[in-house]
Amino acid sequence: MSDKILILTGDAVEVLEVYYPYFRLLEAGYEAVIAAPQKKVLNTVCHDFIDEWDTYTEKPAHRLPAHLAFADVDPSEYAGVIIPGGRAPEFIRNDADLPRIIRHFLEEDKPVGALCHGAQVFLAINDNSFFLGRTLTAYNACRLEVERLGAIYGEEKLHVDGNLISGHAWPDLPGFMREFLNALQNARQSTGFEQQASNAI
């Protein structure tokens, strides 16, 4: 099983939602690869709440290099994928290469992590069969998109449904990454058992 994990994002990704998973994966011994519509230095943003605003504010945050473009991604090289939130999902889902990448992880039942607005990208594959009857959580403003997928919107801040790990927003990152890493470990063990069985035949 590969030690490479893909992070799909773009400009205006929420800074905590990309940096935290990236460094946590490196800490755990995985090779974290950031892909964006183009190979470039990305502009991240900080989303927060202030008094008298009904929604979040947005301010520029740290810059972040993308390692490769979506067009150059071979998803079969990766053990799992993480999709951070922010405003990046609303436009990266228009990239022509995104559907084939996402579809691979869903078809192969590999761990798929979506945080905050990350669930928006799933509409790009134009196939609800992966989500019908399943539970997925996201930032509350994305509830309509989750339901349009045919999924049940999870009211809790963190939800695991098979290979789908979803979180509400950046405060849920500790649990989100714990569950994602657990899913990777379970997939690794399953692959190991399958390989041992194959070798025994």
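When P171 is evaluated against the numbered criteria (1) touching a residue at least 12 places away in the same chain (Cβ under 8 Å); (2) touching a strand residue (DSSP E or B) at 6+ places or on another chain (Cβ under 9 Å); (3) of a type outside the set (D, E); (4) assigned to a helix (DSSP H, G or I), which criterion, by number, is the only one it fails?
Of the numbered conditions (1) touching a residue at least 12 places away in the same chain (Cβ under 8 Å); (2) touching a strand residue (DSSP E or B) at 6+ places or on another chain (Cβ under 9 Å); (3) of a type outside the set (D, E); (4) assigned to a helix (DSSP H, G or I), the odd one out for P171 is (2).
Go through R93, R100 for me and flag whichever is over 17 Å from G167 (Cβ atoms), surrounded by 17 or more Cβ atoms within 10 Å (Cβ to Cβ) and out of contact with any strand residue (DSSP E or B) (no Cβ under 9 Å at 6 or more places or on another chain).
Going through R93, R100 in turn, the sole match is R93.
Results for (1) more than 23 Å from P37 (Cα to Cα); (2) of a type in the set (S, T, N, Q); (3) in contact with a His (Cβ under 8 Å, 6 or more places away or on another chain), shown as yes or no for each residue.
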residue	(1), (2), (3)
G85	no, no, yes
F91	no, no, no
P99	no, no, no
F105	no, no, no
P111	no, no, no
G118	no, no, no
L136	yes, no, yes
I152	yes, no, no
E155	yes, no, no
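Table: residues versus (1) closer than 21 Å to V45 by Cα; (2) in contact with a Cys (Cβ under 6 Å, 6 or more places away or on another chain); (3) buried (at least 17 other Cβ atoms within 10 Å of the Cβ).
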| position | (1), (2), (3) |
| --- | --- |
| Y78 | no, no, yes |
| A119 | yes, yes, yes |
| S129 | no, no, no |
| L144 | no, no, no |
| L164 | no, no, yes |
| E179 | no, no, yes |
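For L25, are the conditions met, namely being at pLDDT 95 or above and closer than 21 Å to L136 by Cβ?
Answer is no for this residue.
A quick yes/no check of all residues on (1) within 14 Å of the chain's Cα centre (by Cα); (2) within 20 Å of L158 (Cβ to Cβ); (3) surrounded by 16 or more Cβ atoms within 10 Å (Cβ to Cβ):
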{"residue": "I5", "(1), (2), (3)": "yes, yes, yes"}
{"residue": "F23", "(1), (2), (3)": "no, yes, no"}
{"residue": "T55", "(1), (2), (3)": "no, no, no"}
{"residue": "A61", "(1), (2), (3)": "no, no, yes"}
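Tell me the residue from A197, A187 that is out of contact with any His (no Cβ under 8 Å at 6 or more places or on another chain), surrounded by fewer than 17 Cβ atoms within 10 Å (Cβ to Cβ) and either modelled with pLDDT under 95 or in a strand (DSSP E or B) (or both), please.
A197
How many residues, within region 38-58, are in contact with a His (Cβ under 8 Å, 6 or more places away or on another chain) and either of a type in the set (D, E, K, R) or free of Cβ contacts under 8 Å to residues at least 12 places away in the same chain (or both)?
Selection size over region 38-58: 4.
Step by step: first the residues of region 28-80, then only those that are modelled with pLDDT under 95 and among the polar types (S, T, N, Q), then the one that is nearest to I5 (Cα to Cα). Which residue is that?
T57
The values are calculated or read from the model by the stated rules, or taken from the named source; none is laboratory data. Because the structure is a prediction, the values reported are computed rather than measured. FYI the Cβ positions are ideal-geometry reconstructions off the backbone, even for glycines, and counts take in every protein chain you see.
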